[in-house]
Each structure stands twice: as structure tokens, then as C-alpha cells.
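All remarks here apply to the structure that follows.
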Amino acid sequence: MVTFTQLLELDVNGLETFADRWGRVHKQIKEAREGFHDDVVRKLHADHWRGEGGRKAQEYCDRIQTGIDALDAEVKSLRRFLDEEADGAKGRGGVKGFEGLQNEARSLQQEAFSHGMTINDDGSVQYSVMYDPDSPDAQEILDESKRTANSLEGRAKQVLSTATENDEWIALSLKVIFGTVRNFETEDRKYNVFEPTVKDRMVRNQLNNVGALANARGWKTTAGLVQHYLDGSGKPVEVEPQQMLNDMPQFQRDLDKTMANDVGKRPDGPFTTEWQSTAPNPKDGDKSMDWYYGLNHFQYRTVGEKHGDQVTYHVEVQKRYDWGVPSEHRRTQTAFGGPFEMELEQADLARLNSTGLARDFDVKGSSGQMRTTV
């Protein structure tokens, strides 16, 4: 538990400095990413390498860029997370942030001093009252001091309780932000490097139950991907982008925006759009729910050729199927709901790959040729 002294002595500016330094790391990663994209990826695609060698080269460079983007997402989120926890909601201050809690603790301390009282580390209040026992106001003086002390103690303990919750939240969240133990990993965490524990095997059984429940609910995509993860082959899984567009209205809406706002403004000729993120909206129906639990967010791009307002293109999708990826910053994953709801720790699920009880894999797919007017 956070003590009153710890809260008073907390170096909030130190948290700010720490967050700012991660901001500089983000800037350096962004510059490296832009340089790699401009000097390597863009030129590689512009040259239109053909054949197996060209395809492999493009896939390899795209994967590097995806890794850089994931690392950058970790760093940006870490900086934002630390800043909000130190300052309160989005840097505005407030009692939910440590700065606001510290200010409230200082105010309580000053109030206590003004009444000749002291706030102990556990939030209890210590005081003594000087009074004339023969005075007719003696009992009123004692009662007033007690009311003041009780009020201070109640508020001090509430501040410490909130500070302790924040502290525990940071400790749990940083475990995900920085990845698994001894690693700061993005999309390529190491496989089968730890001995599995009893807890690891229990977590595997829990995830297996999630897959079984998904299958019972008719969510074949979710069930199939969970099972493939647990099978541990690590082989890529092919998906059908056209089917995904049919099942996920949000994906179709995002693709339509890309075609109108990006491809539609390009000059005639071949093109390849940047990888962009999309995700199913669970409110769009049961099929979207299946993809939501199966993949959640994923990336897509379009590749094709434009002549006037006529475009011939195909859609490519990709996703690294793993759990607790730091860039996603999810501490727990809630599976389903109602009587079947269960919460699984993301870092525990991710550890299954590290212990060899499951294995991360790539999900990818390419649609057939499509035509549209932009």
C-alpha cells in the first residue's frame, strides 16, 4: 500500500522527465521508420520487382516496417500512459492522477498542521488537545477536535486508497507495455525458451475452453484461430479478404474511405497504398463478433492500377496472431459475456508462446481482382 509519506515525497516531475525521454525515443523511431520507408520500401515497390525473389523481398521489408510500427506504438503509448498517470486525465491534472493526489495530500497535511494534528503513514490522524477540564466548553472542544480528526482521516485514507489503486494499475500495465519477462518485444517474441509451469498449463486449458465455447456459439473463425495457436505449428493461416469484407461492414466502410480519399486522388498508373488498421465493430452483428474475438484489429492495403476514374485492384490483409502484444496495451482479455464470461491475463497468454505450449503465427490473405469507380 502507498503510504502518506511516499505520496508526499513522490517525484512527479521525475515521472514527467521519464515520460519526456520516451517521447524523444518515439521521435527517433519515427525518423528511422520514415527513412526506411523512403529509402527501401517505396523504392522496392516502385521498381515492381517480379517473381518469387521480388515477392519475398517485399514481404521481408514490409515485415520490418510492421515491426518498427509496433515498437513505435509501444513507445507512444508508454509515454502517454505515464503522462496521464502523473498528471491526471490527459495532462489536465486531477485527483485520478498522482499529481492531483499529491496536491490533495499536501492540502490535507497543511489542514492537519493548522489544527495541531499529524497524519500518519496509514492515513490515521494523531493529535492531542490542550483544554481546561473545568471549563464548560471542555466537552465541545473535545468533540470538535474528534470531528476534525475523523474528517481528515477519512479523506487521507481515501487519497491513499486511490493512490494505491493507481500504483497497482501501473505495475500491472507496465508488464504488458514492456512485454514478457526479460524482453521488450513487439511482433516477434521468442518461442519455446522457458520451461512451462503449472500455471502455464492451467492458462492453456483456460484458452482451450475459450475455443470450445466459441465453437459452440458458432464462431468458427475464433475457434479455429485459438486452436491453431494452441496446436503450436506456427504456420501462417490464409484468410479471404472478400469474405471479411462481407462479414465486417466496418472493414468495408474503411476500405471505401481508402479508395475515395487515397486512391481516388492518385495519378494514373500502378499503386500500392500504405498498410492501415481496421477492426470489426461488434455492433455490426454476429459475424463481426466472430472476427472481433478472432482477430480484433488487423491491417489492410490495396494494390492495383488506376486509369482515370476506373480502378482495378486487390485487397491484402495481414495480422500477427499473438496475445498481449505491448503495442495493444491490453492487460486482461474478457472472453464472451454473461455466464460464460472469463478474464485472462494477456501476459499469461503471451507466455504460452515462450514456453512452447502454443505458438504465434501470421494471418494473411489476398483477394481476387476487383474493379471500382473513384
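Read-outs: derived from the displayed coordinates by stated rules, not from any lab. From a predicted model like this one, the values you see are computed outputs, not experimental measurements. Heads up, the Cβs are rebuilt from the backbone with ideal geometry, glycines too, and the neighbour counts pull from every protein chain shown.
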| field | Counted charge near LEU230, where neighbours are those whose Cβ lies closer than 10 Å (Asp, Glu -1; Lys, Arg +1) | value | +1
| What FRET efficiency, computed as 1/(1 + (r/R0)^6) with R0 = 51 Å and r the Cβ-Cβ distance, is obtained for GLN58 and PHE194, rounded to the nearest 0.05? | 0.90
| message | Taking θ = phi - 60°, what integer Hz values does the Karplus form 6.51 cos²θ - 1.76 cosθ + 1.60 yield along region 223-235, in sequence order, with x for Gly and Pro? | response | 4, x, 5, 4, 5, 5, 4, 6, 5, x, 6, x, 6
| query | Once the Cβ-Cβ distance between TYR131 and THR3 is put in as r, and R0 is 35 Å, what FRET efficiency do you end up with, to the nearest 0.05? | reply | 0.65
| remark: The set of residues whose placed amide H lies less than 5 Å from the amide H of VAL237, leaving out same-chain residues fewer than 5 positions away, is ASP362, VAL363, LYS364
| query | What's the FRET efficiency of GLN369 with LYS220 using the Cβ-Cβ distance as r and R₀ = 22 Å, to the nearest 0.05? | reply | 0.25
| request: Can you tell me which of 126-138, 222-234, 259-271 comes out highest on packing, and rank the rest after it, using the mean Cβ neighbours within 10 Å? | output: 222-234, 259-271, 126-138
| task | For region 157-165, take each phi angle, set θ = phi - 60°, evaluate the Karplus expression 6.51 cos²θ - 1.76 cosθ + 1.60, and give the result in whole Hz per residue in order, putting x for glycine and proline. | result | 5, 5, 4, 5, 5, 5, 4, 5, 4
| request: With θ set to phi - 60°, apply the Karplus curve 6.51 cos²θ - 1.76 cosθ + 1.60 along region 350-365 and write out the HN-Hα couplings as whole Hz, x wherever there is a Gly or Pro. | output: 5, 5, 4, 5, 5, 9, x, 7, 7, 8, 5, 7, 8, 10, 8, x
